[in-house]
Amino acid sequence: MREKKKATPKQVMPTQIIGALHINVDDNGQQHLNTEKIFYWRMGMYTKNATTGKKTATLPALGTIASVFTQFGRQDVMVVQTFESGVDAASQTQVSHLRRVFTTSDEGSTDQIVQHEYEAYMLKNHLK
């Protein structure tokens with residue numbers, strides 16, 4: 001009788017996660033940061049860098065723009081936190097419900113009001 005092959009344990013990579021603030025547009029067409037709550041997304045294996053157009057495996061820098069999927073469709077957000085989850089099963093289960101990031105950029109917002117609100121938020125919350 002042939003012996004069954006033993007299953008090799010799966011190699012689990014830590015999931016990269018970004019915390020970001022939504023960029024909202026008011027009635028006058030002016031952009032503002034929604035600083036009420038940080039939302040989280042995961043970096044997928046197909047996340048691209050908008051500048052180079054290639055897949056990226058690195059976390060974006062703080063203050064850069066990322067394009068993510070929300071319940072209202074695809075939107076731009078400003079990155080304020082980046083971290084990696086653990087490789088254990090419990091950590092992977094906790095982050096499996098997060099939606100993925102489509103693209104990241106190397107630049108921040110060109111809008112001066114959004115940039116000013118970002119700086120004020122980072123100083124207020126001691127993140128910078």
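The values are calculated or read from the model by the stated rules, or taken from the named source; none is laboratory data. No experiment lies behind these values; they were computed from the predicted model shown. Quick reminder, even Gly has a Cβ in these numbers, built from the backbone with ideal geometry, and neighbours come from all protein chains shown.
Going residue by residue through region 44-58, is there one that turns out to be under 11 Å from Thr15 (Cβ atoms), at pLDDT below 85 and in a strand (DSSP E or B)? Checked region 44-58: at least one residue is under 11 Å from Thr15 (Cβ atoms), at pLDDT below 85 and in a strand (DSSP E or B).
Restricting Leu98, Leu123 to those that are touching a residue at least 40 places away in the same chain (Cβ under 8 Å) and of a type outside the set (Asp, Glu) reduces the list to Leu98.
Of all residues in region 9-35, those satisfying the criterion of being at pLDDT 85 or above and of a type in the set (D, E, K, R) are Asp26, Asp27.
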